[in-house]
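Take a look at the structure set out below.
What follows is calculated from the coordinates using simple rules that are stated; it is not laboratory data. Bear in mind that the values here come from a model prediction, so they are computed numbers and not experimental data. Quick reminder, even Gly has a Cβ in these numbers, built from the backbone with ideal geometry, and neighbours come from all protein chains shown.
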Amino acid sequence: MMLIRTFAICFALMLFASLGIAQTTLSAQARLDPYKSSIQDSLFGNTTVSLSLSQGVPFRIYTLDTPMRLVLEFSVLDFAELDTVNINDSKRITTLHAATLTNGWSQMVLNLAEPLAVDSVGMRVDDTSLAAELSVVLRAVSPDQFSASVGRPQDDMLQTLPSAGQSLTPADGDNRFVIVLDPGHGGIDPGAQEGEIKEADLMLSLARRLRDLLRRADLVDVFMTRDDDIFVPLEQRISIAHSVQADVFISLHADKVTEGIAQGATVYTLDKMASDEASAKLAERHDRAEIITGIDLSGADDEVAGVLLDLARQDTQPRSELLADALVASLSDLGVVETRPHRRANFSVLKAADIPSVLIEAGFMSSKQDLKNLSSPDWQSDFAKAVVEGILQWYIEDQKRAQLRRQ
């Protein structure tokens, strides 16, 4: 049997196929239950790692040497109770430790007493409780076989990017790339609806997929304006982006049109004059949610503040435009864009003067095909990969332009 050099597995969450269950049952972060977890040697020479999780999460597995160890990484898993129980009864696993990494992943490291390789792996998710069990079976191998298999995994999607990782290093060398994802609507504001399907639920599902993919890239931090079905005022969404010193702000929506026909993804950038009547009406509906809650920003700026904001936008607006173009190019390769995919509108959520911002209409719930796509976990995953590729490609080029501006 040919030994695979790098063993990496990512569990793609398919739980959102039934939105009514997944959106109300899944918590913000999965937890490890050490009382139901174990690491044991079998009579047949294998070692089984069995981990009980409160819900399914993306994960990957790989081995490293000097010293020999097996690494399990999750996006994301709470190990808070692991210290209370010793789950290791294996003589082939000497010690284990777990921690949350700065890149958003949670990591469990098993130090090996002898060369072991992954023989099989699987995650079973209960249809009712959504609790999950990860089972990893390890088998003994020769030192040469173990050495041939070690190495950190490269995410399949990121392999297409130029020099993914090192090329994402910011030009000044002392900052990370901070992205804020804004799932539109939520709570008392469900957004567009088609039957029992709510825009707010679809966009939260899509945002989580984006977050999990982006966190696999080096030097990327991701924050979300909401990670539950709650209402967040537009002003607060922008405040969240400012509080984490975001480098980019991306709002996610899937609206409906009541006049004409619209199908496919559209990327919006800010413009005081909407690029067309449909864009103006979309922006008007998005802003109405803020007016309903009593927070109207339309008259918040005095004359001096307005001048300062305009000066800030002279830098960020062109960068937002280029970000939109990069996203359109990536989504066009996927074949999911509208006939006029880059549009402009006066969305309040895009008014952070110092942060490049775009609003992505992932599709239109008034289109039967778009609604089918938006409700599909597979389609959401493909869409998220295309968006991530567009973001990272833009960031690489944006850093090059920043270096030229400083020169």
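Say a paramagnetic label sat at a point 7 Å from the Cα of LYS368, along Cα to Cβ; which residues of segment 227-266 have their backbone N under 16 Å from it? Hits in segment 227-266 for LYS368 at 16 Å: 261-264. Count Lys and Arg as plus one, Asp and Glu as minus one, and take only other residues whose Cβ is under 14 Å from that of LYS91; the net charge is then -2.
In segment 315-380, taking the dipole from charged Cβ atoms about the Cα centre, the farthest positive-side position among SER330, TRP379, MET365 is held by MET365. Principal axis extents of the Cα atoms in segment 60-101, from largest to smallest and rounded to whole angstrom, are 27, 24, 14. Cross-linked pairs LYS256/LYS385; LYS36/LYS385; LYS36/LYS372; LYS36/LYS91: Cα-Cα separations exceed 28 Å for LYS36/LYS385; LYS36/LYS372. Per-residue extension of 0.36 nm, minus the Cα-Cα distance of THR94 and GLN107, leaves a gain of 3.0 nm for this segment. Note on GLN399 and ASP144: with the Förster distance fixed at 41 Å, the Cβ-Cβ geometry gives a FRET efficiency of about 0.50. For segment 63-123, the Cβ-based charge dipole about the Cα centre amounts to some 140 debye (Lys, Arg positive; Asp, Glu negative; other atoms uncharged).
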